[in-house]
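Data block below; observations after.
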Amino acid sequence: LAQLLAAAQPMIKRRSVVFVVSDFISKPGWGRQLALLSRRHEVVAVRLYDPMELELPNIGLVVMQDAETGDQIFVDTHDRRFRKRFAEAAKQREQTLREGLAEAGVDCLELTTDEPLDQALLRFTQLRKRRSQLASGVTATFSHKRVG
């Protein structure tokens, strides 16, 4: 991911809105490159994830494969201790990910694989619009007529 972000820097000539779509499960170092990209461009991180990446269900023996190395292992999800260690590791990974995005100063839209894309995008654009209004000091004004 860091290499791709670094390669994007010289390719995008004019100030742009850049959407980085990833699961952000990558070797460390991408946060610095994301921050450098966000200095010149408005960057939105679109994070895709499967809820099972955070907590494994109790479904028996499964094969897990490392996306980067291709290594495979059998794991027994009936083992409560394994599921607990898995959830703890996922929690730590989430914390590191959130810190990296915050340090880079980019907005993040998180999409689960089981969530309708249109609803998530609509919610995200509404939140950004509201934040922009608050930052510029725009407030809603109401007028009323006295009746009677």
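The values are calculated or read from the model by the stated rules, or taken from the named source; none is laboratory data. Source: prediction; values computed, not measured. We place every Cβ from the backbone using ideal geometry, glycine too, and count neighbours over all the protein chains shown. When the accessible area is computed, the model is the full protein with side chains, heavy atoms only, and any ligands, DNA or RNA have been set aside. Shrake-Rupley method; radii C 1.70, N 1.55, O 1.52, S 1.80 Å.
All of (1) in a loop (DSSP other than H, G, I, E, B); (2) at pLDDT 90 or above hold for Glu55 with one exception: (2). Could you please find all residues in region 80-119 being open to solvent by 50 Å² or more (accessible area, probe 1.4 Å) and in a loop (DSSP other than H, G, I, E, B)? Within region 80-119, Gly105, Thr113, Asp114, Glu115, Pro116 qualify.
What number of residues within region 50-76 satisfy the criterion of being touching a residue at least 12 places away in the same chain (Cβ under 8 Å), in contact with a strand residue (DSSP E or B) (Cβ under 6 Å, 6 or more places away or on another chain) and of a type outside the set (A, V, I, L, M, F, W, C)? Count: 2. Screening the candidates Ala135, Ala104, Ala120 for the property of being touching a Ser or Thr at 6+ places or on another chain (Cβ under 7 Å) and either at pLDDT below 85 or not β-branched (Val, Ile, Thr) (or both) yields one hit, Ala104.
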